[in-house]
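Bear in mind these aren't lab numbers, they're just calculated from the coordinates by the rules spelled out. Just so we're clear, the structure is a prediction, and the values are computed from it rather than from any experiment. Heads up, the Cβs are rebuilt from the backbone with ideal geometry, glycines too, and the neighbour counts pull from every protein chain shown.
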Amino acid sequence: MAQKPSIPKGTRDFNPEEVSKRNYIFNTIRSQFEVFGFQPIETPSFENSSTLMGKYGEEGDRLIFKILNSGDYLSKVDDDLYQAKDSNRMTSRISEKALRYDLTVPFARYVVQHQNEIDFPFKRYQIQPVWRADRPQKGRFREFYQCDADVVGSKSLWQEVEFIQLYDAVFTALGLKGTTIKINNRKILSGIAEVIGAQDKLIDFTVALDKLDKIGEEKVKEEMLNKGIPQSGIDKLQPLFNLTGNFASQVDELKSILNTSEEGTKGIEELEFITKGIETLGLKTAILQLDVTLARGLNYYTGAIFEVAAPEGVKMGSIGGGGRYDDLTGIFGLKDVSGVGISFGLDRIALVLEDLNLFPETITNTVKVLFINFGESESMASMKAIKELRENGVSAELFPDKKKTIKQFNYANKRCIPFVVLLGESEIASKTYTLKNMNSGEQQQLTLEDLISTLQ
RNA sequence: GUGGUUGUAGCUCAGCUGGUUAGAGCGUCGGUUUGUGGUACCGAAAGUCGCCGGUUCGAACCCGGUCUUCCACCCCA
């Protein structure tokens, strides 16, 4: 009995048209990465669990796909552990490998492992799939591609400036106008937490603050109170909730809130450096926006935090994110190597471009010319011409079977093949080729030479 | 991981409060005679109604479980 074929939840097949579209995005991103001086690396699709576990917080650990050990793994588990039914402890005994969850941690591992071969600062890009055991939603998959560019070994804030330009360059090249690059700084968040007496509750504080535009001011305050942040501290946040105006005035407001915090003030200095650079250099289509509520956060961001929102009106989560992490390689034993990077969510970008109808029409590649099959000897003559065409860079093919001409023409139509060649007895006798333009319907008799030059 | 939602031919969907052989459009395939298409006309194939179980004389329709879809949390690209 044949079973109904299916693929796992949150994964997808891609047909030729979809692959073409995705390749178009890949190529656009890749060429911008290279123009900006990044070099490609690749890492394995799975890593040792110890490399990944604990790097993304508790939530992250849950979302990591674990790979079962080979062999009779259960026999090696002792009875006590087996009886205890403690999934966390059990997992580490029966699974020692896990699928890549993002590209940043494997990159950190790579840098530490290859530190002696790398010339710092090292600018690398990486375009590979990652896997998360999340529950799928629109624009959220369990297998998806990230396109990352990172620099390690430079504390210069010019990197941040460059990454904003890189975002702008990619989205401009894709024709996606009006993206919003949100920027924030971990030091500013820490500073605020310090000022309100919640420095030990930074994560709780930022997670709550991050929800501001989603659940509103009151609910955010409520959540903060529930997490043990004192009312007096929350009161000090009031100016934050009323933050409006242009970039400069928002920064001024922040300055006054943070003037007692050394770290917060440092964060503001960084922010001002970056924005001054961008103001001077300009952006083509993107908008840079300060967002103090932006706290998406991999726990390792220490400086700038970025997130990119699709143009207004498109219902989609962030299509890119990134930031500065001063001590990522520290986890793997290499101290004082600062990193900063950004990521593009290919699958979401594809959905947005589809939504806005921004894919160029010419990206689906099809064969340029189809030879009609009239029989054995005609096919042989066709194959000779096809060989010539291919050697001259023209994609060409012979319809493989001698079917009714109508069928063969229909096939050319369905595949959107722009030209058809008829090579039958009379053409062979006169050493000519009948070329038909499938759009205009025009036909002309050509020599092989002319055929090649016409199609090139 | 929590709560909700969806699932009928390849695709998009009908199918009244459970009642005989489950329908349509599009697509596919064949035909309208022999080397010319995207139009038209004729015809055909195609569904264990997501899967498993239950209630019932009888279920696509009711109930339970499971998988899948989408949504809201959580979190994130």
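Fully extending the segment from A:ASN410 to A:LEU281 would add 41.1 nm, taking 0.36 nm per residue of separation and subtracting the current Cα-Cα distance.
For the stretch A:109-237, the Cα gyration tensor yields ellipsoid semi-axes of 33, 21, 17 Å (square root of five times each eigenvalue, largest first, whole Å).
A viscosity of 0.692 mPa s and a temperature of 37 °C, combined with the Kirkwood radius over C-alpha pairs in the Stokes-Einstein formula, give the stretch A:243-294 a diffusion coefficient of 277 µm²/s. If you take all other residues with their beta carbon under 13 Å from the beta carbon of A:GLY60, and give Lys and Arg +1 and Asp and Glu -1, the sum is +1. Taking chain A on its own, what percent of its Cα-Cα pair distances exceed 32 Å? I get 54 percent for the Cα pairs in chain A exceeding 32 Å.
Shape analysis of the stretch A:365-455 yields a ratio of the Cα radius of gyration to the Kirkwood radius, Rg/Rh, of 0.92.
Helices in chain A, meaning DSSP H runs of at least 4 residues, each add -39500 (n - 2.57). Divided by all residues, the mean residue ellipticity at 222 nm is -12500 deg cm²/dmol. Given their separation in residues at 0.36 nm each and the Cα-Cα distance between them, A:ASP355 and A:GLN445 gain 28.0 nm when the chain is fully extended. As a calculated quantity, the FRET efficiency between A:GLU391 and A:VAL77 at R0 = 51 Å, using C-beta atoms, amounts to about 0.25. Applying a DSSP loop filter and a limit of 15 other Cβ atoms within 10 Å to the trypsin sites (Lys or Arg not before Pro) in the stretch A:361-406 leaves A:LYS402, A:LYS403, A:LYS404.
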